[in-house]
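Following: one structure in structure tokens, then a few remarks.
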Amino acid sequence: MIEVTLNSLLIQFSYLQMLDLMTTLAFLTHGVEEGNPLVRLALRYSPHPLGGLLAVKILAVALGFYCWRYRRERVLVRINILFAIVVVWNLVALIVSVGLSV
């Protein structure tokens, strides 16, 4: 049973990473600044902002895979909650940004 749960958590984590990537790209193209200092640093110092964002996402997926591999179920649950909140935050920032420019 725990294997199914861990697999589901890893799939959820990967899905949330993709949503975070897409919503971050959407709000960056609409002029909303990145709020995460680590991501902001990666965006600033990479040759192309997409490369910096992808590097951060690769690190995040590696962290998720590490948690899955070493059966850190509780960590995956908590980080999934965190990234679900981040995705909602990104959507709100995008909606507010677009709403203000209309």
Of all residues in the stretch 15-57, how many are buried (at least 16 other Cβ atoms within 10 Å of the Cβ) and polar (S, T, N, Q)?
3
Residue tally, condition buried (at least 16 other Cβ atoms within 10 Å of the Cβ) and not polar (S, T, N, Q), over the stretch 64-83:
8
Does residue 88 satisfy the criteria of being β-branched (Val, Ile, Thr) and in contact with a Cys (Cβ under 8 Å, 6 or more places away or on another chain)?
no
Within the stretch 1-55, count every residue that is more than 13 Å from the chain's Cα centre (by Cα) and among the β-branched types (Val, Ile, Thr).
6
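Each value in this text was obtained by applying a stated rule to the coordinates, not by laboratory testing. Everything numeric in this text was worked out from a predicted model, so none of it was measured. Please note: Cβ atoms are built from the backbone with ideal geometry, for glycine as well, and neighbour counts cover all protein chains shown.
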